[in-house]
1. Contact list please: Cβ distance under 7 Å, first residue in segment 81-109 and closer than 18 Å to Tyr58 by Cβ, second residue among the acidic types (Asp, Glu) and surrounded by fewer than 16 Cβ atoms within 10 Å (Cβ to Cβ), pairs at least six apart or on different chains.
2. Residue by residue through segment 132-171, note down the ones that are open to solvent by 50 Å² or more (accessible area, probe 1.4 Å), in a loop (DSSP other than H, G, I, E, B) and modelled with pLDDT under 95.
3. For a quick check of your reading of the model, give me the residue pairs whose first member lies in segment 26-39 and is assigned to a helix (DSSP H, G or I) and open to solvent by 50 Å² or more (accessible area, probe 1.4 Å), whose second is among the hydrophobic types (A, V, I, L, M, F, W, C) and at pLDDT below 95, with beta-carbon atoms closer than 8 Å and at least 6 apart or on different chains.
4. Look at segment 113-129 and say how many of its residues are over 15 Å from Tyr58 (Cα atoms) and either open to solvent by 20 Å² or more (accessible area, probe 1.4 Å) or among the aromatic types (Phe, Trp, Tyr) (or both).
5. Quick one: Lys36 ticks every box in (1) more than 15 Å from the chain's Cα centre (by Cα); (2) among the charged types (D, E, K, R); (3) at pLDDT 95 or above; (4) over 15 Å from Leu192 (Cα atoms) bar one, so which box is it?
6. Run down Lys60, Lys98, Lys80 and say which single residue is open to solvent by 60 Å² or more (accessible area, probe 1.4 Å), under 17 Å from the mean Cα position of the chain (by Cα), among the basic types (Lys, Arg) and closer than 17 Å to Arg160 by Cβ.
7. Please give the number of the condition Ser135 fails out of (1) free of Cβ contacts under 8 Å to residues at least 12 places away in the same chain; (2) within 19 Å of the chain's Cα centre (by Cα).
8. From the residues in segment 40-60 that are of a type in the set (Asp, Glu) and either assigned to a helix (DSSP H, G or I) or touching a residue at least 60 places away in the same chain (Cβ under 8 Å) (or both), which one is farthest from Thr194 (Cα to Cα)?
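The values are calculated or read from the model by the stated rules, or taken from the named source; none is laboratory data. This one's a predicted model, so the numbers in the text were calculated from it and none came from an experiment. All Cβ positions, even for glycine, are placed from backbone atoms using ideal geometry, and neighbour counts span all protein chains on display. When the accessible area is computed, the model is the full protein with side chains, heavy atoms only, and any ligands, DNA or RNA have been set aside. Shrake-Rupley method; radii C 1.70, N 1.55, O 1.52, S 1.80 Å.
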Amino acid sequence: MKHVHIINAHQFYEGISEGTLTRTLADMTKVFCEEKGYSYSMTNIEEEYTPEKEVDLYVKADYVVLHTPVYWFNTPWIHKKYVDEVFNAGLAAGKLLKDDGRTRKDPSKNYGTGGLMQGRKMTMVTSWNAPEEFSGNENQYLLSGKTADDVMYNVGVNYRFCGFEVLPQYHCFNVIKDPQVEKYLSEYRQHLETHLV
C-alpha cells in the first residue's frame with residue numbers, strides 16, 4: 001500500500017491569507033488517498049509537529065505533497081523553519097541523508113547525492129495572488145520569462161538533496177483577485193491522477 005505524507009505549510013494572516021484554499025486542496029489529497037486505498041499522514045506546520053516524527057513520516061512515505069501559499073516568492077517562513085528542523089533531524093539520525101555525497105577518496109562524486117530517499121517522490125501545490133500570465137512570459141516584467149516552477153525550484157532542491165524525485169508542480173493563480181476554485185479543484189484532481197499513481 002502506498003503512503004502519502006501531506007504537508008500544509010499555510011501561515012495565517014488575518015484578512016490577507018486565511019488558508020481556506022490550501023486546506024481545501026490538502027483535504028482533496030486526503031480524499032484522493034482514501035479513494036485509491038493509500039494510507040496517508042498529514043502535518044499542519046502552523047499547529048504543531050515533532051521533527052523526529054516528521055523524519056519517520058518521510059521515511060514511510062512513497063509521496064510527499066507540500067501544500068503552500070506563496071508569500072514574497074517563497075514558502076511562508078514557518079516552512080523554512082520546518083525544513084531546517086526536520087531535515088537536520090533526518091541528517092543527525094542518518095535517516096534522510098548520510099552526507100552531501102562527496103568523499104575525499106572520490107572528489108568526482110556530485111555534491112547533493114548523499115540522500116537516502118531514492119524511490120520517493122514529492123510534489124508542490126502552491127497558491128499565488130499573481131496572474132497565470134506572469135509565469136513563463138518574456139513580455140511580463142517580473143519573471144522575464146521564468147516560470148512559477150523556477151521560483152519554487154529552491155524548495156524542491158531541499159528534497160532532491162535528500163534523494164527525492166521532484167515531480168511537476170501544480171499552481172493556483174490569481175487566488176485573491178479572481179479565484180477560480182472549481183477550476184483549481186478539477187485541475188488538481190487531474191494532477192493527482194497523473195502523478196500520484
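1. These pairs meet every condition: Ala89/Glu52.
2. Once the filter is applied, which keeps residues that are open to solvent by 50 Å² or more (accessible area, probe 1.4 Å), in a loop (DSSP other than H, G, I, E, B) and modelled with pLDDT under 95, segment 132-171 yields Glu138, Asn139, Gln140, Tyr141, Leu142, Ser144, Lys146.
3. Lys36/Val197
4. 3
5. (4)
6. Numbers: Lys60 fails: closer than 17 Å to Arg160 by Cβ; Lys98 fails: under 17 Å from the mean Cα position of the chain (by Cα).
The conditions single out Lys80.
7. That leaves (1) as the condition not met.
8. So in segment 40-60, the residues of a type in the set (Asp, Glu) come out as 46-48, 52, 54, 56.
Checking which are either assigned to a helix (DSSP H, G or I) or touching a residue at least 60 places away in the same chain (Cβ under 8 Å) (or both) leaves us with 52, 54, 56.
Values: Glu52: 31, Glu54: 26, Asp56: 26 Å.
My answer is Glu52.
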